[in-house]
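What follows is a single structure, written as structure tokens, with notes after it.
The values are calculated or read from the model by the stated rules, or taken from the named source; none is laboratory data. It should be emphasised that the depicted structure is a prediction, and the values quoted were computed from it without experimental measurement. Surface areas here come from the heavy atoms of the whole protein model, side chains and all, with no ligands, DNA or RNA. Shrake-Rupley method; radii C 1.70, N 1.55, O 1.52, S 1.80 Å.
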Amino acid sequence: MAAVNSSKLSRSKSQLNVMSRWNIMPYKLHLIFTFLLLFVSLCFSDDDHEMEEFLKREFSLSKPYQGVGSLGSSHWELMGDAMVTTDQVRLTPDMQSRQGAVWSRIPCHLKDWEMQVHFKVHGQGKKNLNGDGLAIWYTKERMQKGPVFGNMDNFTGLGVFVDTYPNEEKYIEAQKKRYTPRTQRIFPFVIAMVGNGTISYDHERDGRPTELCGCNAMVRNQKHDTFLFIRYIRRRLTVMIDIDGQHEWRDCLDIPGVRLPLGYYFGASAITGDLSDNHDIISLKLYQLTVLRSKKEEEEEEQDVVTIPSVDNMELLRLSQNEEGMSGLAIFFTVLFSMLGCIFLIVIGMVVYSHWNESRRKRFY
């Protein structure tokens, strides 16, 4: 009987152990699952996951454009040939020698923001027989006519340009040079530029000497909507485009170390010359980005107040542009000397190896 009882006790203990394991298993699985979630969230956390966005209506422009251009009843002011219709704010009509703009009346004091631009460029001109383009601005100055896409030259702040005419082709021909596959661009082309009030935009070279970066964007005469996305967060400038009708943003440029002061004005402008296009703004939507910052980051930003627009790594950007702009002859000689250097090293290696092999054989004599 004792043996039977002991066997029953051992069975019950084993059953209890199994049941306790089954009871503990869900708890362990829950802990593991929670740990994995935390790990994944830490691994993939970035600025997009750490911020919230809020539409700022006082800095936004959209249908039905009530009171735009009228005194005292709108946050936006028209300039030049710009006019409001039921469907868009037309900066320029498809006519020669026109320029127009729309400017915010209120200065923006947001640290982090993003601007979504719904625009349209269209006209009767064929490829390379249209111009000149439009620009989105965040600048100290406002309501100033000028040659830079309808705004003043030597501006202070940020300009993002949708350039639709390749002026540099004439410059290259005058210099008796040729494009290389790396330097030739397909227009329309989007670039960004930061000005400090003394830097001039180079029309002949389509702004290459002062640009931050850029990308091609086939935006003319599209049947679907075209969008431009400008984000400024933690002194990092990002520009993306959505021009293919797929509702997907495509990277255009991403530049860290861009320093823009607070209290500048948003605007949009366009210009035509001998060639023309309709340049339309359908909406400008500005979002305030609420970004989590550490105390150290907040203290550093309070101490390092930006008063003049600048870019930290501008010299590196210019260096990379110069490397990109090497002529075909320079590339040829670079490749030639590289090949000769490789051949020379191979010959030296063979001579050293033969001497080593000969001395190695003599040891066995």
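Values as computed for the structure displayed
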{"item": "Length gained when the stretch Glu299-Gln222 is fully extended (0.36 nm per residue, less Cα-Cα span)", "result": "23.0 nm"}
{"item": "Cα gyration tensor shape of segment 111-153, rounded if a/c is under 1.5, else prolate or oblate by comparing a/b with b/c", "result": "oblate"}
{"item": "Accessible area of segment 48-322 divided out per residue, in Å², using a probe of 1.4 angstrom", "result": "49 Å²"}
{"item": "Rule-of-thumb Rg ratio for segment 48-322 [Cα; 2.2 N^0.38 Å; N residues]", "result": "0.98"}
{"item": "Candidate residues Glu301, Glu168: accessible-area rank, largest first, probe 1.4 Å", "result": "Glu301, Glu168"}
{"item": "Segment 48-322: relative contact order in percent, alpha carbon pairs under 8 Å with at least 6 residues between", "result": "32 percent"}
{"item": "Entries in Lys120/Lys295; Lys63/Lys111; Lys56/Lys120; Lys56/Lys140; Lys111/Lys145; Lys56/Lys295 that, when Cα-Cα distance is taken, lie over 31 Å", "result": "Lys120/Lys295"}
